[in-house]
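Here's the structure we're looking at; comments come further down.
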Amino acid sequence: ELQQKVEETELLKMELQMLETERVRLSLVEEKLMDVLQLLQQLQDLNISKRALGKILLSTLESCRDPQPGKAHLFEVLDTLYHELTACELLQSQPLEKVQSRQSLSNPLVISC
């Protein structure tokens, strides 16, 4: 009976470790998603054309067509989209102070559950 309890404890520890790993992964995805949404909102404020935004999205999807082994595909797509958006000429031409002041305001993208 003691051996069974030890085995159950080990299984629970492994399960807890897997849950913690998943929590960290989801936290990273959430963080990257918030970054992408903020950039999209900035581009919307700058009146980016739907065509330009579509090109950015298609470029992202094209470069993430074949998932890299060992990397979460969702995070890879979000990370690539983030980099594509930051390279957008509209954001590059915007003064840095303006971008930082918008980011320092309360985030309207946060959804309370």
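Listing for the model above:
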{"item": "Proximal aspartates and glutamates relative to K50, as straight alpha-carbon distance under 17 Å, when same-chain residues fewer than 8 apart are discounted", "result": "E84, E89"}
{"item": "Local electrostatic count at M18 - Lys and Arg +1, Asp and Glu -1, tallied over other residues with Cβ under 14 Å", "result": "-1"}
{"item": "Under 16 Å from the L46 label point (7 Å along Cα→beta-carbon), backbone N, the range 57-89", "result": "57, 81-89"}
{"item": "Förster radius 35 Å - calculated FRET efficiency between E15 and E89, Cβ distance, rounded to 0.05", "result": "0.15"}
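Computed from the coordinates by the stated procedures, all read-outs in this text should not be read as laboratory data. Small disclaimer: the values here were computed from a predicted structure and weren't measured. With ideal geometry, Cβ positions are generated from the backbone for all residues, glycine too; neighbour counts draw on all protein chains shown.
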